[in-house]
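Worksheet for the structure shown next.
The values are calculated or read from the model by the stated rules, or taken from the named source; none is laboratory data. The model shown is predicted, which means the values in this text are computed figures rather than measured ones. Reconstructed Cβ throughout: ideal geometry from the backbone, glycine too, with neighbour counts over all protein chains shown.
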Amino acid sequence: MGNIDTEKYEEFLQTHTNGHFMQSVKWAKVKSNWHNEIITVNDQQGNIIGSMSLLIRKLPFVKYTIMYSPRGPVCDMHDLETIKKLIDKAKEIAKKYKSYVLKLDPGIEKEDTEFARIARELKFRIKNDSKDFEGAQPRFVFRLDLRNKTEEDLMKSFHHKVRYNIRLAIRKGVEIRVGTKEDIPAFHKIMIETGIRDNFVVRNAEYFERMLDCLGPDHIRLFLAYYQGKLLAGTIAILYGNKCWYLYGASSNQHRNVMPNYLLQWTMIKWALENNCDIYDFRGVSGNLDENHPLYGLYRFKKGFGGKFTEFIGELDYVFNPLIYIMVEKSEALYRKLRRRLFVIRNSMERGKNHGNE
């Protein structure tokens, strides 16, 4: 990571409007299979005015690497000079690691045409064609503004069915507990159940344990919902700077009628409010708003909490090696589809085998 003052860097991230937990040193430790380099731009007084945490990983079978800065850079996104300095520093690091591309996905709304102009001027390729979860980070999210709001204000802003379901869960005796590392295996079990049901790949249990180790105790919470002593659902929320993110959620196929997911969301929102967050981010939804779309239910669930449907600019690629870039881009989408399919088949077979042995 070079000679970086970690404390000063983390303070910059947590106080900057565009700060994000994925730019922190703590998150780089979670992504332990990537090498981490951090670059900064300072003003004349030595204060950081721009930064990027770069995650670098070697591609299989070739000598090249991919360079990725999740939700980076952190700076005034209309400051062309600072952004250019960060990119120039990234170019030098790219030479060292033989990176074929620098990928960014800043949390900048699509309506910000000034930043889009800057990105094009700096020769970035802007990828925002897909409306589903094709990028590394979601392009469509719901964000709830918590500024100057009380719990009562927020509850009133929710759709009446959301209010009803939160109260139903409480009335039925759903209990929310804060989990620890020892609870990860049970959480992971229902995470796999969710992945099979909703057709997405689930990370291994060790990844979630590492998240708690690296971001705990200040920045992360594992929330677990129990009903009649049985674990029904769980979520992971991250609090960093002035924002809180709902990062992962899992739910059992059993007792869905007692609405544990609604009470979990309300608990996380209250945690964000208690910590003076400005924004609660529900994270990804599909940009396809067709009611027949398989992900429409997720959109409707998050919409009910009254957040703003937000579209970010998309994925930005700064290409260092055009030939390798074309080859990787063509194979990446196919790989993701195959990986999802194999995950569902393999875990469905394992669950069937385990049920047969019970």
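Is it true that Thr17 is surrounded by fewer than 18 Cβ atoms within 10 Å (Cβ to Cβ), closer than 22 Å to Val141 by Cα and within 24 Å of the chain's Cα centre (by Cα)?
Criteria met by Thr17.
Being surrounded by fewer than 22 Cβ atoms within 10 Å (Cβ to Cβ), in a loop (DSSP other than H, G, I, E, B) and hydrophobic (A, V, I, L, M, F, W, C), is that true of even one residue in the range 84-93?
No, the range 84-93 contains no residue that is surrounded by fewer than 22 Cβ atoms within 10 Å (Cβ to Cβ), in a loop (DSSP other than H, G, I, E, B) and hydrophobic (A, V, I, L, M, F, W, C).
Could you tell me which numbered condition Arg120 fails, if it satisfies all but one of (1) surrounded by 13 or more Cβ atoms within 10 Å (Cβ to Cβ); (2) not assigned by TED's automatic domain parsing to the domain that holds Asn242?
So Arg120 meets the others, but not (1).
With the requirement that a residue be part of a helix (DSSP H, G or I) and over 18 Å from Tyr207 (Cβ atoms), what does the range 1-24 give you?
Thr6, Glu7, Lys8, Tyr9, Glu10, Glu11, Phe12, Leu13, Gln14, Thr15, Gln23, listed by residue number.
Taking the range 238-262 as the region of interest, how many residues are over 24 Å from Tyr9 (Cβ atoms) and not in a helix (DSSP H, G or I)?
10
Assuming Thr113 fulfils every condition listed in (1) in contact (Cβ under 8 Å) with a residue 24 or more places away in the chain; (2) over 28 Å from Phe208 (Cα atoms); (3) within 25 Å of the chain's Cα centre (by Cα) apart from one, which condition is it?
(1)
Which of the residues spanning the range 263-297 are part of a helix (DSSP H, G or I) and buried (at least 17 other Cβ atoms within 10 Å of the Cβ)?
Leu263, Leu264, Gln265, Trp266, Thr267, Met268, Ile269, Trp271, Ala272, Leu273
Scanning for something at pLDDT 95 or above, in contact with a helix residue (DSSP H, G or I) (Cβ under 6 Å, 6 or more places away or on another chain) and closer than 28 Å to Leu232 by Cβ, does the range 279-298 turn up at least one residue?
For the range 279-298, residues at pLDDT 95 or above, in contact with a helix residue (DSSP H, G or I) (Cβ under 6 Å, 6 or more places away or on another chain) and closer than 28 Å to Leu232 by Cβ: present.
What are the residues in the range 25-45 that are assigned to a loop (DSSP other than H, G, I, E, B), among the polar types (S, T, N, Q) and without any contact (Cβ under 8 Å) to a residue 40 or more places away in the chain, if any?
Correct list: Asn33, Gln44, Gln45.
Would a scan of the range 318-332 turn up a residue that is at pLDDT below 90 and of a type in the set (Lys, Arg)?
Scanning the range 318-332, I find at least one residue that is at pLDDT below 90 and of a type in the set (Lys, Arg), so the answer is yes.
For the structure I just gave you, tell me whether Arg210 is within 11 Å of Gly179 (Cβ to Cβ) and assigned by TED's automatic domain parsing to the domain that holds Lys189.
no
Restricting to the range 165-183, name every residue that is of a type in the set (A, V, I, L, M), surrounded by fewer than 17 Cβ atoms within 10 Å (Cβ to Cβ) and in contact with a Phe, Trp or Tyr (Cβ under 7 Å, 6 or more places away or on another chain).
Val178
With Asp218, Asp183, Asp213 as the choices, which residue is farther than 28 Å from Tyr296 by Cβ and in a loop (DSSP other than H, G, I, E, B)?
The match here is Asp218.
Of the numbered conditions (1) part of a helix (DSSP H, G or I); (2) under 30 Å from Arg117 (Cα atoms); (3) within 16 Å of the chain's Cα centre (by Cα), Thr310 fails exactly one; give the number of that condition.
Answer for Thr310: the failing condition is (1).
Quick check on Ala136: is it modelled with pLDDT under 95, touching an Asp or Glu at 6+ places or on another chain (Cβ under 9 Å) and on the phi < 0 side of the Ramachandran plot?
yes
Being more than 27 Å from Thr113 (Cα to Cα) and in a loop (DSSP other than H, G, I, E, B): is that true of Phe305 here?
yes
Hey, does the range 188-207 have a residue that's modelled with pLDDT of 95 or more, closer than 30 Å to Phe320 by Cβ and in contact with a helix residue (DSSP H, G or I) (Cβ under 9 Å, 6 or more places away or on another chain)?
Yes: the range 188-207 contains one or more residues that are modelled with pLDDT of 95 or more, closer than 30 Å to Phe320 by Cβ and in contact with a helix residue (DSSP H, G or I) (Cβ under 9 Å, 6 or more places away or on another chain).
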